[in-house]
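What follows is calculated from the coordinates using simple rules that are stated; it is not laboratory data. Just so it is clear, the structure is predicted and the values come from calculations on it, not from any experiment. Note that we place each Cβ from the backbone using ideal geometry, even for glycine, and neighbour counts take in every protein chain shown.
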Amino acid sequence: MTRDEHAFADILEEAEQFGPLSMAVAHPCSQESLMGAVEAADHGIISPILIAPLAKLEKVAAEFNVDLSRFRVIDVPHSHAAAEVAVELVKNGEAHALMKGSLHTDEFMSEVLKKNGGLRTGRRLSHVFIMKVDSYPRYLFITDAAINIQPDLMAKVDITQNAIDLTHALGIACPKVALLSAVETVTPNIQSTLDAAALCKMADRGQITGAILDGPLAFDNAISAEAAHTKHIISAVAGDPDILVVPDLESGNMLAKQLSYLAAAASAGIVMGARVPIVLTSRAEDAQGRLASAAVANVVGHRLVIGAGAGE
């Protein structure tokens, strides 16, 4: 997989203009997770608080010539404690964003999602991939490919609204949302087509706001205006979407990774719907991807958290 370091240049520039956002980094005990945080700090977009077993962190830092004295470091006994402390730092206002390091997503998210003591809001949490593909003229936002396995209709309402809120924070005033399925017609035995139709009507009634929705749309006529024309689809979204809402985690995960590995797409990832933005990258994600995700979190944090007075 290749990455263009300039793919997210506009978002990086905006994050640098905002200045560093305090970010709790849970268990950055691998090269990728530590260097992602360090590079984001070097770009002036985060002030990382590194939370990890000190001996393990120092070993990784020494191997890659990282001067830990530049950063605030909190020593904890193990990875689960790192997640617990990171969440607590957000709750008490010391951090305005979270980043997952080299620990399992389930272990990390269990602390975020605790009913008592976590970072829940009234909104379901969902992940959004921000993809830059050379063959498409702007960013594609794909959701949800990491958290909600088989979302029902009401979960998809939150998933869709979270993605819309993200695009608003990144300066897209009225994104176009394509609700994906295998076909572009409402088909009773394909649940995703029924959900898509319901989501469109819910948008008409103001239950989803700030975007133009259409669906169901198959991937070809969602992305290609020519394909939509061939199938006689009249739509304000078909061929021109900003957001792709997938039927389930499996299809979204495969779509995002196909774009990354077969189309050399650059990608960033963020979780929306919590009290703060969460950088939730794969443990295999490289430092460049983590930097891009941190830049997205910076902009979202400044616009939606600090700007709204959260943590004050």
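Would you be able to say whether some residue in the stretch 25-33 is over 18 Å from the mean Cα position of the chain (by Cα) and within 24 Å of Asn92 (Cα to Cα)? Taking every residue of the stretch 25-33 in turn, at least one turns out to be over 18 Å from the mean Cα position of the chain (by Cα) and within 24 Å of Asn92 (Cα to Cα).
If you go through the stretch 101-109 one residue at a time, do you hit one that is surrounded by fewer than 19 Cβ atoms within 10 Å (Cβ to Cβ) and either touching a strand residue (DSSP E or B) at 6+ places or on another chain (Cβ under 8 Å) or more than 23 Å from Glu39 (Cα to Cα) (or both)?
The answer is yes, given that some residue of the stretch 101-109 is surrounded by fewer than 19 Cβ atoms within 10 Å (Cβ to Cβ) and either touching a strand residue (DSSP E or B) at 6+ places or on another chain (Cβ under 8 Å) or more than 23 Å from Glu39 (Cα to Cα) (or both).
Which pairs turn up if I take residues in the stretch 231-242 that are among the hydroxyl-bearing types (Ser, Thr, Tyr) and look for partners that are buried (at least 21 other Cβ atoms within 10 Å of the Cβ) with beta carbon separation below 7 Å, at least 6 apart in sequence or on another chain? Hits for this filter: Ser235/Asp214; Ser235/Ala228.
Residues that are part of a helix (DSSP H, G or I) and crowded, with 21+ Cβ neighbours inside 10 Å were ranked within the stretch 1-17; the one that is nearest to the chain's Cα centre (by Cα) is Ile11.
Taking every residue in the stretch 147-160 that is touching a residue at least 60 places away in the same chain (Cβ under 8 Å) and pairing it with any residue that is surrounded by 20 or more Cβ atoms within 10 Å (Cβ to Cβ) and among the small types (Gly, Ala, Ser), at least 6 positions away or on another chain, the pairs with Cβ-Cβ distances below 7 Å are Ile147/Ser126; Asn148/Ser126; Asp158/Ser126; Asp158/Gly273; Ile159/Ser126.
Of the residues Thr143, Thr193, which single one is buried (at least 22 other Cβ atoms within 10 Å of the Cβ), under 21 Å from Ser235 (Cβ atoms) and either under 16 Å from the mean Cα position of the chain (by Cα) or acidic (Asp, Glu) (or both)? Can you show your working first?
Numbers: Thr193 fails: either under 16 Å from the mean Cα position of the chain (by Cα) or acidic (Asp, Glu) (or both).
Exactly one residue qualifies, and that residue is Thr143.
Taken together, the criteria place Met99 among residues that are in contact (Cβ under 8 Å) with a residue 40 or more places away in the chain, in a strand (DSSP E or B) and over 23 Å from Tyr261 (Cβ atoms).
When the stretch 217-269 is filtered for residues that are touching a strand residue (DSSP E or B) at 6+ places or on another chain (Cβ under 6 Å) and among the β-branched types (Val, Ile, Thr), the ones remaining, listed by number, are Val237, Ile243, Val245, Val246.
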